[in-house]
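Visitor: Before I ask anything, here is the structure I am working with.
The values are calculated or read from the model by the stated rules, or taken from the named source; none is laboratory data. Bear in mind that the values here come from a model prediction, so they are computed numbers and not experimental data. Remember, those area values only see protein heavy atoms, side chains included, never the ligands or the DNA or RNA. Shrake-Rupley method; radii C 1.70, N 1.55, O 1.52, S 1.80 Å.
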Amino acid sequence: MTEINPAKQALPWLTALAMFMQALDGTILNTALPAIANDFGHSSLEMQSVIVSYTVTLAILIPLSGWLADKYGTRKIFTLSVIIFTLGSLFCGLSYDLTALVISRIIQAIGGAMMVPVARLAILYSYPKSQLLRVMNFITIPGLVGQVIGPSLGGFLSDNYSWHWIFLINLPIGCIGYFIATKKMPNLSKKVHKFDSLGLFYISAIIVALTLIMEFLSIGFTQWSIISITLLVTIICIICYIKHSKKTTNPIIDLNLFKIDTLRIGLLGNLFTRLGIGGMPLLLPLMLQVGYGHSASVSGMLLIPSAIANVIAKSFVVPLVRKYGYKTVLISNTLILAFIIAMFSLTNSQTPLIYFVPLLVVFGAANSIQMSAMNTITIADLTNDNVSSGNSLLAIMQQLSNSFGVSIAALLLSFITQINLFDKDVSSAFKFTFIIIGIITALSCFIFMKLNKNAGSDLSGHLEK
């Protein structure tokens, strides 16, 4: 590893800016989806492809980002990623139909796949384990601020101007990030092995095939022969990758990493917890606008308490983990999340808006604690030799599970609506969807029960005070 220059001190700020851009982009989009759907002549319940195309591209390209950063240096790859992300945002703002927007989102995601992971990799290289949780809490706060601003800003722009501005707003932020990075980002690098391009092909095929299956199901696709063939392709690619990884010296995803208990449990916990909560950013704005008839501005304003609670709760993560340990925190917090998600099923179009506030506050706080604890325990036992691979694997799982969470939420909502149990009453379909994803979230707590009682003690017990 090359020597770290004094610019290390700017790393958390640069990473925070990158996370702010991504968080703003994601949350500002959620409240604007109905306006985009209306402009393009689509149903609001069919717009998940705008989100899924982005997250799937991230999941596919994140492994490449770690290798590129190690080979060419974190500064070079980070600045390139900011340029691509900003250009992708411009293309999104100029999109004239759903296809053009999806393609533009893919371009945007190519930059996003490198932007945050490369900055976070530089953090992992630069800071000792005893400071990681504190630093990671710091870098996520601006991202949470983006979540505070995003919903209301997206609703305001959609109602009063045009949805195009939700993407164009990234342009000045991207320019600022680029110029700061060229001056302050350390260009950390290390000797790399030959890139596993065949492994990337297999992993990409698996991710795309699984996503297509969920997309087919969510839009009511009835060609079961095609779905079955796609599933068969997925299974074949999984088998091929397992065989390939055993024969390859440096596979793109080292399956030996799964021998590390904390990483394996953390990854599985990320996957199954996000299968439930990953669909909430899609469901909540749609429920408020499509189900209950509120405006985009009202929908955005209602989501602010959740985002604020998300920010405030970050300060409680360290003391909670220190006192109770990762295992207890993750199990209890997962059950709290499941309960709150299910509580949204008790609302309807006549529910006073003030009723949503305590639900959203508790959800935001619990979600914040969950993300910080899950992500940190996953990397708890990594070393400098495998931190790059482990970081990439965590990032892949985060994006993939978020994508699956959105797809599952859309699938459930579409299925419940189509079976005509409620005479196409969309608001009732939302209620049953919340109940089901609440159950999915609750079941994921069984994964965290497999954690050792003292898991992550090196992180929780020796943090700077």
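Visitor: I'd like the orientation of helix 197-218 relative to the chain: the angle between its Cα long axis and the longest Cα principal axis, in ° from 0 to 90, rounded to 10.
Guide: 10 degrees
Visitor: Could you state, as a whole-number percent, how many of the C-alpha pairs of the stretch 84-125 are farther apart than 16 Å?
Guide: Value for the stretch 84-125: 40 percent of Cα pairs lie more than 16 Å apart.
Visitor: Please report the Cα spread of the chain along all three principal axes, rounded to whole Å, starting with the longest.
Guide: Result for the chain: principal-axis Cα extents of 62, 47, 44 Å.
Visitor: Over the stretch 220-317, what per residue volume does the convex hull of the Cα atoms give, in whole Å³?
Guide: 170 Å³
Visitor: State the dimensionless ratio Rg/Rh of the stretch 138-184 (Rg: radius of gyration of Cα atoms; Rh: Kirkwood radius).
Guide: 1.07
Visitor: Sticking with this structure for a sec: Roughly how many Å² is the accessible area per residue of the stretch 60-187, as a whole number, for a 1.4 Å probe?
Guide: So the stretch 60-187 comes to 37 Å² accessible per residue, rounded to a whole number.
Visitor: So which of Lys243/Lys453; Lys183/Lys314; Lys191/Lys246; Lys259/Lys314 end up more than 27 Å apart, counting from Cα to Cα?
Guide: With Cα atoms farther than 27 Å apart: Lys243/Lys453; Lys183/Lys314; Lys259/Lys314.
Visitor: Now, a different point. Can you give the angle from 0 to 90° between the axis of helix 11-40 and the longest principal axis of the chain, with both taken from C-alpha atoms, to the nearest 10?
Guide: 20 degrees
Visitor: On to the next question. Percent of accessible area on the stretch 248-354 owned by carbon and sulfur, 1.4 Å probe?
Guide: Answer for the stretch 248-354 is 68 percent, counting heavy atoms of protein chains only.
Visitor: Shifting gears a bit: Identify all lysines with a Cα-Cα distance to Lys431 below 25 Å; exclude those on the same chain that are fewer than 8 residues away in sequence.
Guide: none
Visitor: Taking only Cα atoms, what is the 0 to 90° angle, nearest 10, from helix 129-160's long axis to the longest principal axis of the chain?
Guide: 30 degrees
Visitor: Jot down the radius of gyration and Dmax of the stretch 260-331, Cα atoms only, both in angstrom.
Guide: 16.3, 48
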